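Read through the structure below, which is laid out as structure tokens, and then see the notes.
Since every read-out is calculated from the coordinates, none of them should be taken as a lab result. Since this is a predicted model, take the numbers as computed values, not measurements. A quick note on method: Cβ atoms are made from the backbone with ideal geometry, for glycine too, and the neighbour counts reach across all protein chains shown.
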Amino acid sequence: MSDTVDDVDLPYDEDEASQQEKIQALEERLEILETQNEEMRDKLLDANAENNKYQQKLERLTHENKKLKQSPLFVATVQEVTDEGVIIKQHGNNQEALTEVTDEMRDDLEPDARVAVNNSLSIVKPLSNETDVRARVMEVTESPEVSYEDIGGLEEQMQEVRETVEMPLEKPEMFDDVGIDPPSGVLLYGPPGTGKTMLAKAVANQTDATFIKMAGSELVHKFIGEGAKLVRDLFDVAREHEPAVIFIDEIDAIAAKRTESKTSGDAEVQRTMMQLLSEMDGFEERGEIRIIAATNRFDMLDRAILRPGRFDRLIEVPKPNTEGREIIFEIHTRGMNVSDDVEFAELAADAEDASGADIKAVCTEAGMFAIRDDRTEIRMEDFRNAWEKVQAESDETEDVSKTFA
Ligand SMILES: Nc1ncnc2c1ncn2[C@@H]1O[C@H](COP(=O)(O)OP(=O)(O)OP(=O)(O)O)[C@@H](O)[C@H]1O
């Protein structure tokens, strides 16, 4: 009972007052929380808007990045990696530039590394090492499998190549004793497929020299900005492989007459040619390296490359005459099962205007005719049919090239 009495005795007013206070405090607290909630919502909305903005920016940059990687890239070498950025030197024009890179990219770069840069000279990607590029543009053969006996109808040319390329490699002391300098470079010119490459290979084989071939057109078209450097590399590789025969095919691609237009492509070709001339000019101590160049377009050549001390020995390699064609037929049928009725002299007389490469094609084609007829022996009619086929094919190619000329 006493409990009830105690309850009744409680001051009712005081209790109610404290309840009221509590409610008020709670209400105030609620108000504060509501304001805070409001503020948080606003902030969240702002953050979302900001997030959207960044998302769009990211998409734009990703797109630009992709575009930058697709447009033509130039090659440069890293000079220095500094706190402010990376100093690069562009190949070709030697222009130096300071460019910013991401931290990850910076870790991949070191002085002398080759990189691909875009128009605004930002580094797009590091490039694989030099030897890969060299391997792709240069054909290096320790001992080519072509000998003088494989070449037909070019007696005079062979004699000249032997004097100018083989003698200085095999008997350099002869030139010292006589007191003359051997010719610097030899230029072979003439129509396609006449044996220019074969001559260069045969002389390398004869002298046990390494044969290093580079195509002029690849130098300037495949590796934009690198032509001059690749020419330097070409001579470095030759020095590493002495004795060596450097063979520059399609030299007209880097040594064509200067044209009026001043496009960057022309400038690149000019720089490549200048590098070649300076390598040849400064090549006093050439040692056991000989240089042979070849062209089908003698008329296009810049005369600067024909000055003394450069390609100063010109050798014309024409299409073979009848006698030459007969010898070339004999050479290319050496390993073939040819019937007794085959008259090479007659075939040579018929195959007027054929190049060595055409005759090689006729021989292979004649073999195909025999196979198609289920024979192992090749007859005169096979050669005749083959010559007609090769002629028809070359007429077709001519028509196509005229259409696209
Ligand atoms: N005089 C020749 N004697 C024997 N075979 C020849 C002769 N000329 C060309 N050939 C044959 O044709 C092929 C191509 O010849 P080669 O590559 O030497 O010609 P090229 O003059 O260098 O041609 P291009 O100017 O097109 O480079 C040779 O592999 C060989 O089979």
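Couple of notes before you dig in:
- Sequence-separation-based contact order of the range 301-405, relative, with Cα cut under 8 Å and 6+ spacing, percent: 26 percent
- When Rg and the Kirkwood radius Rh are both evaluated on Cα atoms of the range 289-358, their ratio Rg/Rh stands at 1.17.
- Residue among Glu156, Glu14, Glu34 with the largest mean-square fluctuation in a Gaussian network model of the chain, springs linking Cα atoms under 10 Å: Glu14
- Over the chain, Cα pairs under 8 Å with separation of 6+ residues give a relative contact order of 14 percent.
- Sorted from greatest to least, the principal axis extents spanned by the alpha carbons of the range 71-127 come out as 25, 21, 17 Å.
- Kirkwood hydrodynamic radius (C-alpha pairs) into Stokes-Einstein, the range 322-396, 25 °C and 0.890 mPa s, D in µm²/s: 204 µm²/s
- For the range 91-213, Kirkwood radius (reciprocal of mean inverse C-alpha pair distance, Å): 18.6 Å
- The range 133-316: relative contact order in percent, alpha carbon pairs under 8 Å with at least 6 residues between: 32 percent
- Helix 264-281 and the long axis of the chain differ in direction by around 50°, with both axes built from C-alpha atoms.
- When each of the peptides 58-64, 208-214 is scored by the mean number of other C-beta atoms lying within 10 Å of its residues, the order from highest to lowest reads 208-214, 58-64.
- When peptides 232-242, 44-54 are ranked by their average number of other Cβ atoms within 10 Å per residue, the highest-first order is 232-242, 44-54.
- Mean projection area, nm², convex hull over Cα of the range 133-316: 10.0 nm²
- Among Ile315, Ile123, Ile291, Ile32, sorting on how many other beta-carbon atoms sit within 10 Å of each Cβ, with the fewest leading, yields Ile32, Ile315, Ile123, Ile291.
- Reciprocal mean inverse distance between Cα atoms of the range 236-391 - Kirkwood radius, Å: 19.0 Å
- Normalised by 2.2 N^0.38 Å, where N is the number of residues, the alpha-carbon radius of gyration of the chain equals 1.81.
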